[in-house]
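The values are calculated or read from the model by the stated rules, or taken from the named source; none is laboratory data. Computed from a prediction, not measured in an experiment: that's the story for all the values here. Note that each Cβ is placed from the backbone with ideal geometry, even for glycine, and that neighbours are counted across all protein chains shown. SASA here: full protein model, heavy atoms, side chains in, ligands and nucleic acids out. Shrake-Rupley method; radii C 1.70, N 1.55, O 1.52, S 1.80 Å.
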Amino acid sequence: MELIRRFRRINRSMAFILTFAMVLSSFLGMSFQVKTAKAEEPPVSESDRITSVISPDYRSEINDDTISVEFYNKIGTSAVVYSQKQPDDLSTDSNGTRDVVGQVNLVDGHGTVEFKASEYPYGPISLRIQVLKDGAEIDNCYLQLYNNAGVNWKTGLDNAPVNPVTAGMDVAYTDDFKTMPTINKTGIGAQYASAKVDEVRGGMFG
């Protein structure tokens, strides 16, 4: 009988230990799940994809041979900056080629690329900042500037690239806008009309 009582006490002790272990395991499991939930990344919004140019200002003038282009994208991991560049032989009939200005890995969303302005066309110029997240494109930002330090190539309207859409068409009317044109309400006897003439429906706009 004594042996049976001892055996029962051992069984009760073992049952208590097993119950305690199961409760402790459940508690640790819940704690782990809570920590995992807190570590999840917040959802990405469309505004997070937008690239902001920090420097230089949009439409500003470039007067130095090289400038730093600094930008920010909240979720981007890398970026490639492009611009149109003149051919090596400026006498060739070419619209230039797309050139890689620089590539950079973003640090906390920030990136900086050196733009060697003196090696690119003089005048209005655009830098395309293509931002990627883990190799996938998420945004394209276009920074327009005026390059005073660039190479003189196809400057002026007479040297503007030919638009392939209008190539081969005959010019029906042209105006260089160097002098003030004549304008009246109907356009009769003048170069331009200031309003759309009356029609059957009575519509008219300026």
Self-check item: Answer residue from region 135-168, given it is of a type in the set (D, E, K, R) and outside any helix (DSSP H, G or I) and is least open to solvent (accessible area, probe 1.4 Å) among those
Solution: D139
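For region 77-101, which positions are farther than 28 Å from E137 by Cβ and open to solvent by less than 70 Å² (accessible area, probe 1.4 Å)? Break it down stepwise before answering.
Applying the first criterion (farther than 28 Å from E137 by Cβ) to region 77-101 yields 88-93.
If the condition is that a residue be farther than 28 Å from E137 by Cβ and open to solvent by less than 70 Å² (accessible area, probe 1.4 Å), then T92 is the only one that fits.
Being surrounded by 13 or more Cβ atoms within 10 Å (Cβ to Cβ) and either within 13 Å of L143 (Cα to Cα) or modelled with pLDDT under 95 (or both), is that true of even one residue in region 26-48?
Yes: one or more hits.
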Quiz prompt | Subset of region 107-131 (residues that are among the hydrophobic types (A, V, I, L, M, F, W, C) and either free of Cβ contacts under 8 Å to residues at least 24 places away in the same chain or out of contact with any Leu (no Cβ under 9 Å at 6 or more places or on another chain) (or both)) | solution = V107
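Go through D64, D57 for me and flag whichever is acidic (D, E), at pLDDT 95 or above and surrounded by 11 or more Cβ atoms within 10 Å (Cβ to Cβ).
Working: D57 fails: surrounded by 11 or more Cβ atoms within 10 Å (Cβ to Cβ).
Of the residues listed, the single one that is acidic (D, E), at pLDDT 95 or above and surrounded by 11 or more Cβ atoms within 10 Å (Cβ to Cβ) is D64.
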Quiz item: In region 108-122, how many residues are outside any loop (DSSP other than H, G, I, E, B) and farther than 19 Å from D65 by Cβ?
Solution: 2
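For region 102-112, which residues satisfy the criterion of being under 23 Å from S47 (Cβ atoms) and either aliphatic (A, V, I, L, M) or open to solvent by 40 Å² or more (accessible area, probe 1.4 Å) (or both)? Talk me through it step by step, then tell me what you get.
Start the filter on region 102-112 by keeping residues that are under 23 Å from S47 (Cβ atoms), which leaves 104-112.
Within region 102-112, V104, N105, L106, V107, D108, H110, T112 qualify.
Determine whether region 84-107 contains at least one residue that is of a type in the set (A, V, I, L, M), assigned to a strand (DSSP E or B) and over 24 Å from I62 (Cβ atoms).
Applying the first criterion (of a type in the set (A, V, I, L, M)) to region 84-107 yields 90, 100-101, 104, 106-107.
The next check asks that each one be assigned to a strand (DSSP E or B); those that pass are 100-101, 104, 107.
Add one more test, that the residue is over 24 Å from I62 (Cβ atoms), and what stays is 107.
Checked against the condition, which is being of a type in the set (A, V, I, L, M), assigned to a strand (DSSP E or B) and over 24 Å from I62 (Cβ atoms), region 84-107 yields at least one hit.
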